[in-house]
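What follows draws every value from the coordinates through simple rules; no lab data is involved. This structure is a prediction, so every number in the text was calculated from the model and none was measured. Cβ coordinates were reconstructed from backbone atoms using ideal geometry, including for glycine residues, and neighbour counts include every protein chain displayed.
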Amino acid sequence: MKEKTRNEVAEQDKWDLSTVYPSDEALNKDFEMIKKQIPEFAKLENTFLHSAEKLYQTLKFYYDINIILEKMWTFTSHRYDTDLTNSSNQAWQEKINNLFNEFSTVSSFMTPKLLEFGYAKVKAFYQEKPQLKTDYGFILEQIFRQEAHTLSLKEEKLISSLSKAMSNTSQIATMLTDSDIDYGTIIDEEGKKVKLTNTNYTMYILSKDRNVRKNAFKTFYKAYKQFNNTLALSLAAFVDKCNAYSKVRKFASPLEAALFEDNVSPEVYNNLIDTVSQNLEPLYKYYKIKQNILKLDEFHLYDVYVEVANENSTKYTFERGKTLVMEALQVLGPDYLKILQKAFAERWIDIYPNKGKRDGAYSGGSYLTNPFVLLNFNETYHDVSTIAHELGHSLHTYYSNQNNPYQYSDYKIFVAEVASQVNELLFSHYMLNKVNTKQEKLDILNQILDLFKGSIYRQTMFAEFEKIISTKCQNGEILTADVLNDTYYDLVKKYFGPDVIIDDEIKYEWERIPHFYYNFYVYKYSTGLAAACHIVKRILANEKGALESYLSFLKSGGRDYPLNELKIAGVDLTKPEVIQSAMDMFKEYLKEFENLLDS
């Protein structure tokens, strides 16, 4: 079927951006206003600490500008994403990005000046103007947490001037893996010669044809092997940089430095690795079950990703999907459902693909707008699950915005995946009880098990790799290609177990993982899903106060550190029990999957 242009998409199937700006004239009015205010803000650099009132008004001015910038960015970026071919949309997007960058540069004096001024003097301002502490106390606390790790103004400027050059390693690696490497060709399921890319490899490693996925695996990593030394040098340089920065800023380790902003202890990171490491047997069993289903004498790494349940061929209209999501999320109470109804009725969602529309799905928005959800709905079960997932993000944002002032409305990335995974798990649980056929149940269970495999086990393996190579660097060991290859290969053996043949090519897989340049980021995927599992278990068990505490968590925004906010929902990630709870849930679903296969 021919893909529609943006103009051919029915209005009721598009999100309603007119609620943000009714016209470009209205957008331009705000643009010109902010353009005039930025130079006025710059004038405050040498006066904003002269009194409590002056500091209060400067902070208010700072957030007043930001709130309009985010509103403009929401409008222009969301409009651009629905038609990337529209040059006018692109031009507006660039204008807003440039304005953001301009204000970021102009306002960069605030943190170093505050740190130079000192926390004691700011606290004295609280006596002079109590509202300064009420409205901005936690913001200022977070700034002054950096004090022990901040250098002199001269030294900070020197580090800042080097930051661009020091960040090039990830860009070089990305350019090499996405653009410059020739991954070779394979023969696809239809007997046609196709060129492998970093993007389509995922499709071929999932192929039902074993020869296709084997050749894809072998050919793909043969290409990476050719660039092993270059990419090893790139990653080693990045790890060296993180190690050097942590020393300069007086952290005990690069891990401690990376977790500092979220006020997360390395204990949380280590708990994750230790607890998952103690629960690898169920994962080994899952692979063994897959091998038996596929009737393979040998089970290789290129076999582990293929779907073992036949894909659910049921077609779901968007209206049907909406109904199922509403039914599945009834357990979250009438207030939650009322907001869901608003999302559908007030056109928060851009539903179908069209020519030039951005791929994938996301939830976005700003404090002065409702949340918006971009979908590319194609009537599959996965698409319906995606509605639940993205609306989890949206309602988290909605609750945060409705229950906090702007400066405390933005929750940390550390907790960002919790609400979406809660919805996804609740939807899967509901559908397991609703579908009638064995095949549908197997398909849903297979998707759930793969979610755990990908978001907890695999991400924890990545997290452990990061920790090991960072520690090696701290201890003065040179991260050569052989060191990186052997470290990764040993971890793959650990996480895949004795029944999976660990093909030699996998030692180069680390080269294609861009998250290794994100500096101890991937563990958040694992802790996010584990936290969601714990919350879902409590809600489905009708545990007293479970729902109320979860909704309170959604309302907490960014007014506290993420670990403290999760404790509101009954989740304490400083202890291994939460991770263990997720591991137990994986075992339960695996047992259900196994019993259904045997029935």
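Overview of values
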{"read-out": "18 Å reach of a label modelled at residue 209, 7 Å along Cα-to-Cβ, counting backbone N of segment 180-194", "value": "184-194"}
{"read-out": "Label point at residue 6 placed 7 Å out along Cα→Cβ; residues across segment 355-376 whose backbone nitrogen lies under 15 Å", "value": "355-359, 374-375"}
{"read-out": "Computed FRET value (nearest 0.05) for residue 315 with residue 111, which takes r as the C-beta separation and R₀ as 56 Å", "value": "0.60"}
{"read-out": "Cut-off 20 Å (backbone N to label point 7 Å along Cα→Cβ of residue 14), residues of segment 69-93", "value": "72-93"}
{"read-out": "q = 0.09, 0.13 Å⁻¹, the chain: log10 I(q)/I(0) [Debye, one scatterer per Cα]", "value": "-0.84, -1.78"}
{"read-out": "Potential extension, residue 572-residue 594 segment - 0.36 nm per residue separation minus Cα distance", "value": "4.8 nm"}
{"read-out": "Vicinal HN-Hα couplings computed from phi for segment 586-594 (Karplus, 6.51 cos²θ - 1.76 cosθ + 1.60; Hz; Gly/Pro x)", "value": "4, 4, 5, 5, 5, 5, 5, 4, 5"}
{"read-out": "Extension gain, residue 88 back to residue 187 (0.36 nm per residue minus Cα-Cα distance, nm)", "value": "31.5 nm"}
{"read-out": "Residue 409 long-range amide H proximity, modeled H, under 5 Å", "value": "558"}
{"read-out": "Amide H contacts under 5 Å for residue 372, placed H, 5+ residues apart", "value": "364, 365"}
{"read-out": "Residues whose placed amide H lies under 5 Å from that of residue 48, excluding near-sequence neighbours", "value": "none"}
{"read-out": "Projected label distance in nm at residue 120 and residue 57, using a 7 Å step from Cα toward the beta-carbon", "value": "2.8"}
{"read-out": "Per-residue HN-Hα couplings for segment 73-86 [Karplus 6.51, -1.76, 1.60; θ = phi - 60°; Hz; x = Gly/Pro]", "value": "5, 4, 5, 6, 5, 5, 5, 4, 5, 8, 7, 5, 8, 7"}
{"read-out": "Cross-link pairs 322/591; 412/507; 154/250; 555/575; 14/567; 71/453 - those with Cα-Cα distance over 27 Å", "value": "322/591; 412/507; 14/567; 71/453"}
{"read-out": "Highest average packing first - 103-114, 18-29, Cβ atoms within 10 Å", "value": "103-114, 18-29"}
{"read-out": "In nm, spacing of pseudo-spin labels at residue 102 and residue 151 (7 Å Cα→C-beta vector)", "value": "3.1"}
{"read-out": "Segment 434-581: C-alpha gyration tensor shape, a/c 1.5 cut-off, then a/b vs b/c", "value": "oblate"}
{"read-out": "For segment 46-89 and segment 159-194, distance of Cα centres in Å", "value": "33"}
{"read-out": "Modelled FRET efficiency - R0 25 Å, residue 178 with residue 362, Cβ distances, 0.05 increments", "value": "0.75"}
{"read-out": "Distance (nanometres) between label positions extended 7 Å along Cα→Cβ at residue 504 and residue 380", "value": "3.5"}
{"read-out": "Cα-centre dipole for segment 83-202 with unit charges at Cβ (Lys and Arg positive, Asp and Glu negative), debye to 20", "value": "620"}
{"read-out": "Under the Karplus curve 6.51 cos²θ - 1.76 cosθ + 1.60, θ = phi - 60°, whole-Hz ³J(HN,Hα) for segment 198-213, x wherever Gly or Pro sits", "value": "5, 8, 7, 3, 4, 5, 7, 6, 8, 4, 6, 7, 5, 5, 5, 5"}
{"read-out": "Ordering of 261-272, 490-501 by packing [mean C-beta count within 10 Å, highest first]", "value": "261-272, 490-501"}
{"read-out": "Computed helical MRE - 222 nm, the chain, DSSP H runs ≥ 4 contributing -39500 (n - 2.57), nearest 500", "value": "-20000 deg cm²/dmol"}
{"read-out": "Fully extended contour minus Cα-Cα distance, from residue 261 to residue 159, at 0.36 nm per residue", "value": "34.9 nm"}
{"read-out": "Dimensions (Å) - segment 238-325, Cα atoms, principal axes, largest first", "value": "56, 45, 25"}
